[in-house]
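Okay, so here's the structure we're looking at.
The values are calculated or read from the model by the stated rules, or taken from the named source; none is laboratory data. Please read all numbers here as calculations on a predicted model, not as lab measurements. Every residue, glycine as well, gets a Cβ built from its backbone with ideal geometry; the counts of neighbours run over all protein chains shown. Ligands, DNA and RNA are excluded from the accessible area calculation, which covers all protein heavy atoms including side chains. Shrake-Rupley method; radii C 1.70, N 1.55, O 1.52, S 1.80 Å.
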Amino acid sequence: KKVKKVIIRNRNLRFKIPINFSHFFKNLKIIRVKRFSKYLIFHLSNKTYCLLHLGMSGTIHLIYNSKKNSITNTSFYNSPFQPKNHNHVEIIFDDLKIIYNDPRRFGFFELIKNEDLLKKRFRHLGPEPFDDKFNIKYFNSFFKKKEKNIKNFLLDQNFVSGIGNIYASEILFLSKIVPTKKGNLFKKKDCKKIVINSKKVL
C-alpha cells in the first residue's frame, strides 16, 4: 500500500524518531513486512527499510476507514481497542492507518538505507530458536568453559535472538532446569531439552 502521510505526535521514544522520518516515507509503498528477532522490518518500494522495535509496551493498531468500534490491536498485549493516549506515530494509507502506541516509550523506529546495512544491523545477533543453527552443537560451542548461567544465556541476544524474560522462564520450567545453572555444567541432554522447548514455547 502507498503511504499517503506520516504524522509524528511524539519523537521522544527510546531513541528519537529521525527528523526526516515523515519525508522518508513520502510516495513510497510498504511492499512487505517481515520480522527478525524482536524487530519488525518494513520493506519499502525504493529498496530501503524501516525497523520497528515494540519495546516493553508498544502495540500496533490498524484503523480501517470502513470499520467503526472494531478491535484494532494487532497483538494480545494491552487494550484490544485504540487507546486515547500515547499514540506516537500514524502511517496513513487510502483505506486505513497504522498507529504506534507505546505508554512507556521503550520502542523505537530506525531507518535503513539499503540491504547491506540491514544485514550489518543484525550481524551481531544470534540465530532464532527456529533456525537450524540453533542446535546442540551450537550450544556446546557457546557454553564451553563459561560460568554464565543459562537464564542469562537465553536472554543474551548475541546467543539466541528473540527470547525475552517470560519466554526464558517458560523454556527452563518445561526443561526442568534451574535458571542459575552455569553453562560449563551443561550436558548434551540439557542442551537438547532447551532446543526442543524453545521451539515449543515460541
- [ ] Please work out if residue 22 is open to solvent by 20 Å² or more (accessible area, probe 1.4 Å), polar (S, T, N, Q) and under 17 Å from residue 9 (Cβ atoms).
- [x] yes
Task: Residue satisfying all of: in the stretch 179-201; closer than 18 Å to residue 130 by Cα and open to solvent by 70 Å² or more (accessible area, probe 1.4 Å); nearest to the chain's Cα centre (by Cα) among these - done: 199
- [ ] Please list, ordered by first then second residue, the pairs with beta carbon atoms under 8 Å, 6 or more apart or interchain, first in the stretch 151-162 and on the phi > 0 side of the Ramachandran plot and modelled with pLDDT under 95, second open to solvent by 20 Å² or more (accessible area, probe 1.4 Å) and in a loop (DSSP other than H, G, I, E, B).
- [x] 162/38; 162/128; 162/202
Open item on the list: Condition check: free of Cβ contacts under 8 Å to residues at least 12 places away in the same chain, farther than 23 Å from residue 156 by Cβ and of a type in the set (Lys, Arg). Does residue 32 satisfy that?
Closed with: yes
Task: Counted residues, the stretch 149-178 - those being among the β-branched types (Val, Ile, Thr) and more than 16 Å from the chain's Cα centre (by Cα) - done: 4
